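Each reported figure results from applying straightforward, stated rules to the coordinates on display, with no laboratory input. Remember, it's a predicted structure, so these values are computed and weren't measured experimentally. No Cβ is skipped: glycine too gets one built from the backbone with ideal geometry, and neighbour counts run over all protein chains shown.
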Amino acid sequence: MNIAIIGTGNVGGALATNWSKKGHNINLGVQDVNNFKGQDLLKNENTRVYSIRDAVEKSEVILIATPPTAIFNILEQMGDVSGKTIIDATNAVMKSPEPYKTVYHALVDKTNTEVVKCFNTTGYENMLNPIYNGEAIDMFMAGDSEKAKAIALQLSTDAGFGSCIDFGKSDKVELLEKFALSWINLAIMQGHGRNMAFKVVRR
């Protein structure tokens, strides 16, 4: 796939790195191509940097991994996104992109795209290395687009996750963000450390 990464910090960088290893073409979309966070990502295979508009134009899939309130500025720069798939990896648990509850809801309202919430429920360390004691942890997704969910499932597998479990449709997007807050609470606020993760087990 040709994937635009908007937000080249920890989360976007971890996913860009693992996806490039699987042969995906990574198009980093940044404000300033000469000075941006995550310049070391260009050492990865199949990875190039462009303006946000050019990265989006060259890609079928767009990952947004920025602070939630940046979405309006990003929307102005993305250009035509009709028919593309957007993965919302943000969390509005601390500050929402008002008047919307989440970035997902803003994207659904303002774009003609397939949108899915995914890659928001754990720390970037787990996205860079999702293996615990030889077993892959789980990723989770939510949204109304089955097409976008199919892509999120594939990209979760390509990133090394064991499964991408469907939380439900758009009415479960906020619940998925609260699930992310549960990881934040345990890992950071309760002091368990960032090297912990969730996996669904079945009997």
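Annotations
- Near the amide H of Gly168, within less than 5 Å, lie the amide hydrogens of Gly143, all on another chain or at least 5 residues away, with H placed in the peptide plane.
- Helix-only CD estimate at 222 nm, as mean residue ellipticity for the chain, using -39500 (n - 2.57) per DSSP H run (n ≥ 4): -9000 deg cm²/dmol
- Estimated vicinal HN-Hα couplings, Hz - the stretch 42-49 in sequence order (Karplus 6.51, -1.76, 1.60; Gly, Pro = x): 5, 6, 6, 5, 6, 10, 9, 10
- Between the stretch 88-143 and the stretch 164-183, the alpha-carbon center distance in angstrom: 8
- Percent of beta bridges antiparallel (DSSP, the stretch 2-189, rounded to nearest 5): 15
- The amide H of Ile62, built 1.01 Å from its N in the peptide plane, has Ala4, Thr85, Ile86, Ile87 as neighbours under 5 Å, considering only residues 5 or more places off or on other chains.
- Computed label-point distance, nm, for sites Lys22 and Asn2 using a 7 Å Cα→Cβ extension: 1.9
- Principal axis dimensions, the stretch 42-133 - Cα atoms, whole angstrom, descending: 42, 32, 19
- Listed peptides 130-141, 106-117 appear in the order 106-117, 130-141 once ranked by packing, highest mean of other Cβ atoms within 10 Å at the front.
- Rounded to the nearest whole Hz, the Karplus-based 3J(HN,Hα) values (6.51 cos²θ - 1.76 cosθ + 1.60, θ = phi - 60°) of the stretch 80-86 follow the sequence 6, 10, 4, x, 8, 10, 10, with x at glycine and proline.
- Potential lengthening between Met189 and Gln77 on full extension [0.36 nm per residue; Cα-Cα distance subtracted]: 36.8 nm
- Rg and Dmax, both from the Cα atoms of the stretch 2-189 and both in Å, are 15.1, 44.
- Coupling constants for the stretch 63-70 follow from the phi torsions by the Karplus curve (6.51 cos²θ - 1.76 cosθ + 1.60, θ = phi - 60°), and in residue order they are 9, 10, 10, 10, x, x, 6, 7 Hz; glycine and proline get x.
- Length available on full extension from Phe36 to Lys178: 0.36 nm per residue minus the Cα-Cα distance, which gives 48.1 nm.
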